[in-house]
Amino acid sequence: MTDTPALDLRHVRDVADVRQTIIDIHLEVRCQDFGLTAPFYSAERFGERLDGHASAAGWEAVIAYDQGEPAGFAYGVPLGPTSRWWTAMITPLPDGYTEETGRRTFALNEIVVRKNWRGTGASRRIHDELLSGRREERVTLLVNPLPSDGKVPALYERWGYETIGQQQPFSDSPVFTAMTRNLSS
């Protein structure tokens, strides 16, 4: 890992302020860098998901800037009692695991870091900043294990996440590895 850059980590609660920045980074990283060209990764489909996530109560993002240039972002939302997050699980979960109150689970919907900042600790700083001060008991995320040959799920395991199964949230999405960790970790 190279030296961690001095990042300006900005919390955002209004997607209108950063929507295009988030979409541009998504397209650069997912589509250009990782070659993910399925319609699920298109600007239109990602924009729809972003708008849906950002319309939920409690949505928050952290955008990292390095000397004014956006380096990456993460965003998520607390899961409320009517959340559909767990309905797409392929793997059965224990009784009570999927019960949500709005204060039990924070869903980390996206974390994306541009190429020049990968391997610098930037992703961990963005992640930790987004989760700092959260009141939920746990955090969950989905990761596509294929583009990185399993490196990204292994990174999350080093951060304390555990695999709980597989999920396919959209008919055109990949099958993701679902992971959780306690927020006290």
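Here are the numbers:
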quantity: Test: residue in region 107-120 that is over 27 Å from F34 (Cβ atoms) and of a type in the set (S, T, Y); calculated: no
quantity: From the options T120, T101, residue that is more than 16 Å from the chain's Cα centre (by Cα), among the hydroxyl-bearing types (S, T, Y), part of a loop (DSSP other than H, G, I, E, B) and closer than 19 Å to R84 by Cβ; calculated: T101
quantity: Count of residues meeting criterion [more than 12 Å from P70 (Cβ to Cβ), surrounded by 14 or more Cβ atoms within 10 Å (Cβ to Cβ) and under 16 Å from the mean Cα position of the chain (by Cα)] in region 6-43; calculated: 6
quantity: Matching residues, region 44-87, being small (G, A, S) and surrounded by 14 or more Cβ atoms within 10 Å (Cβ to Cβ); calculated: G47, A54, A56, G58, A61, A64, A71, G72, A74, G76, G80, S83
quantity: Test for N144: is it open to solvent by 20 Å² or more (accessible area, probe 1.4 Å) and under 15 Å from the mean Cα position of the chain (by Cα); calculated: yes
quantity: Residues of region 153-182 classified as open to solvent by 30 Å² or more (accessible area, probe 1.4 Å) and over 21 Å from L50 (Cα atoms), total; calculated: 10
quantity: Matching strands (runs of 3 or more DSSP E) fully within region 1-81 where at least 1 residues are within 22 Å of L146 (Cβ to Cβ); calculated: 69-78
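The values are calculated or read from the model by the stated rules, or taken from the named source; none is laboratory data. Keep in mind the model is a prediction, meaning the values are calculated, not measured. Neighbour counts run over all protein chains shown; Cβ positions are idealised from the backbone, glycine included. Ligands, DNA and RNA are stripped out before the accessible areas are found, and what is left, the full protein with its side chains, is counted by its heavy atoms. Shrake-Rupley method; radii C 1.70, N 1.55, O 1.52, S 1.80 Å.
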